[in-house]
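A short write-up of the structure that comes next.
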């Protein structure tokens with residue numbers, strides 16, 4: 001805006017540069033959002049696949065998932081806990097603490 005309160009015109013080359021920049025940023029944002037977002041979400045997807053495939057039975061524990069299985073994105077307690085939290089938030093899984101001293105959790109698939 002100039003001092004008289006009128007808008008200055010933006011020339012075509014500047015407008016085209018701005019459009020190109022927006023398209024560039026949009027393509028990067030789309031790739032970022034399409035990636036799934038968080039490691040917890042990736043682990044949750046992996047866990048849900050294992051459940052649907054029948055690799056885990058109702059009543060499985062955290063240790064049943066990560067101990068000795070060598071499953072991608074489910075290889076340690078932290079990854080499995082993150083996956084279970086996501087699936088609980090999505091109402092796909094229900095867990096209960098069986099022994100708080102050793103953090104034994106039993107999980108049931110509800111969806």
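Every read-out reported here was derived from the displayed coordinates using simple, explicitly stated rules and does not represent laboratory data. Computed from a prediction, not measured in an experiment: that's the story for all the values here. Because the Cβ atoms are built from the backbone with ideal geometry, glycine has one as well, and the counts that use them run over all protein chains shown.
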Ranked output for segments 40-51, 60-71 by mean other Cβ atoms within 10 Å, highest leading, reads 40-51, 60-71
Of 9-22, 79-92, ordering from highest average Cβ density within 10 Å down gives 79-92, 9-22
Residue separation between residue 77 and residue 58 times 0.36 nm, minus their alpha-carbon distance, gives in nm 5.0 nm
